[in-house]
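Below is one structure, written out as structure tokens; the observations come after it.
The values are calculated or read from the model by the stated rules, or taken from the named source; none is laboratory data. What you see is a predicted model; the values in this text were computed from it and never measured. No Cβ is skipped: glycine too gets one built from the backbone with ideal geometry, and neighbour counts run over all protein chains shown. Remember, those area values only see protein heavy atoms, side chains included, never the ligands or the DNA or RNA. Shrake-Rupley method; radii C 1.70, N 1.55, O 1.52, S 1.80 Å.
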Amino acid sequence: LTDELKGKTVEILEKATKVKAGLNEVTKAVERGTAKLVVLAEDITPAELVMHIPLICEEKNIPCSYIATRKDLGEKAKLRTATSAVAIIEGDEEATKELAAKIADLKK
């Protein structure tokens, strides 16, 4: 993702009113279709832990974005600890749709 899209992701994450954090919670939110946007940390090791999330997001037409570190992701989502993944359940709908469109354009 471009730096501009990562910045937009951070803005949306900071405005989110309800989030689910952690790989299991994010996976459940995506499968249930309650997630509006999924944000993953880029520094996850091993990467196999989160490889399934972008795939199920694509199946459910849920945009998936990235942020640099687990620590940043935890801070921006207003959590007490670092986290690998966050699903935004409630937040700025319009900004989320705009970001989703830009991410979809990148995939083309």
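Things worth noting here:
- Looking only at residues in segment 17-33 that are out of contact with any Lys or Arg (no Cβ under 8 Å at 6 or more places or on another chain) and of a type in the set (Gly, Ala, Ser), the one that is least open to solvent (accessible area, probe 1.4 Å) is Gly22.
- Subset of segment 4-16 (residues that are open to solvent by less than 60 Å² (accessible area, probe 1.4 Å) and either small (Gly, Ala, Ser) or free of Cβ contacts under 8 Å to residues at least 60 places away in the same chain (or both)): Gly7, Ala16
- Filter result (closer than 16 Å to Ile67 by Cβ and without any contact (Cβ under 8 Å) to a residue 60 or more places away in the chain) within segment 33-48: Ala35, Val38, Val39, Leu40, Ala41, Glu42, Asp43, Ile44, Thr45, Ala47
- Ile89 surrounded by 13 or more Cβ atoms within 10 Å (Cβ to Cβ), more than 18 Å from Leu5 (Cβ to Cβ) and not acidic (Asp, Glu): yes
- Selection from segment 1-50 of residues that are of a type in the set (A, V, I, L, M) and over 13 Å from the mean Cα position of the chain (by Cα): Ile44, Ala47, Leu49
- For segment 95-108, a residue qualifies if it is open to solvent by 90 Å² or more (accessible area, probe 1.4 Å) and under 23 Å from Arg32 (Cβ atoms), and exactly one does: Lys97.
- Selection count where residues are β-branched (Val, Ile, Thr), surrounded by fewer than 21 Cβ atoms within 10 Å (Cβ to Cβ) and touching a strand residue (DSSP E or B) at 6+ places or on another chain (Cβ under 7 Å), scope segment 34-52: 2
- For segment 56-83, a residue qualifies if it is crowded, with 19+ Cβ neighbours inside 10 Å and farther than 15 Å from Lys6 by Cβ, and the qualifying residues are Cys57, Ile62, Gly74, Thr83.
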